[in-house]
Amino acid sequence: MNTILSWYQEISDIAFWLEFIQGFKDLGPLAPILLALLESIIPALPLIVIVSFNVTAHGLVLGFIYSWVGSFIGSAMMFLFYRKGFHAWFTRWSKDKRGISKITEKVNKHAGNVLFVLTSLPFTPNFLINLVYGLSNIDSKFFIATICFSKLLMIGSMAVFGHSLTQISEDPIYLILSIIGMYILYLISKKMADKYLEHSDDQ
């Protein structure tokens, strides 16, 4: 058990993956794309650090594109994993669970108008979104199409923040504004996640 816990802590460390990816530079775009994809599989990995790393290593435009592609593929892949592997079982299991039913009903009710907002905000937990929507009744094609476009906004804001870190010596005011902006987005993301993904109380 201790061995498994130690192994998980190791792979949950962003430094482990940054060092790991360095050994695959010859793979070109596949390395940064894989790094962004991993965040959807390992919840402990901070996406903003990954995007900042990709932007620093590959420039604002390519870093953004690689991060967006990886994050999109990772989210779509994990959503389909939960949908195909656990949706039928979860539906049967949760039928008599009142608290769980409230959550799924809320997600199904707000599936269309909330999904785009949730997935376009930085710091909204991708792992939780993929899991909850994968177990919901939302149409798979609609989910994938929505995150394809919403992640453009999310990854874009993170890429701008990551790029500002490289420009701190030239104009620190942009970094300060970026930090303030990211903090505001963090608060909004947390509030939205609490309201629609984590709490079962009726609003």
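Find the helices (runs of 4 or more DSSP H) located wholly in the stretch 1-103 whose residues include 2 or more that are at negative phi and either small (Gly, Ala, Ser) or modelled with pLDDT of 85 or more (or both), and list them.
30-41, 47-58, 60-94
What number of residues within the stretch 122-152 are surrounded by 17 or more Cβ atoms within 10 Å (Cβ to Cβ) and in a helix (DSSP H, G or I)?
Looking only at that region, the number is 14.
The values are calculated or read from the model by the stated rules, or taken from the named source; none is laboratory data. A quick note: this is a predicted structure, and the numbers were derived from the prediction, not measured. All Cβ positions, glycine included, derive from the backbone under ideal geometry; neighbour counts span all protein chains shown.
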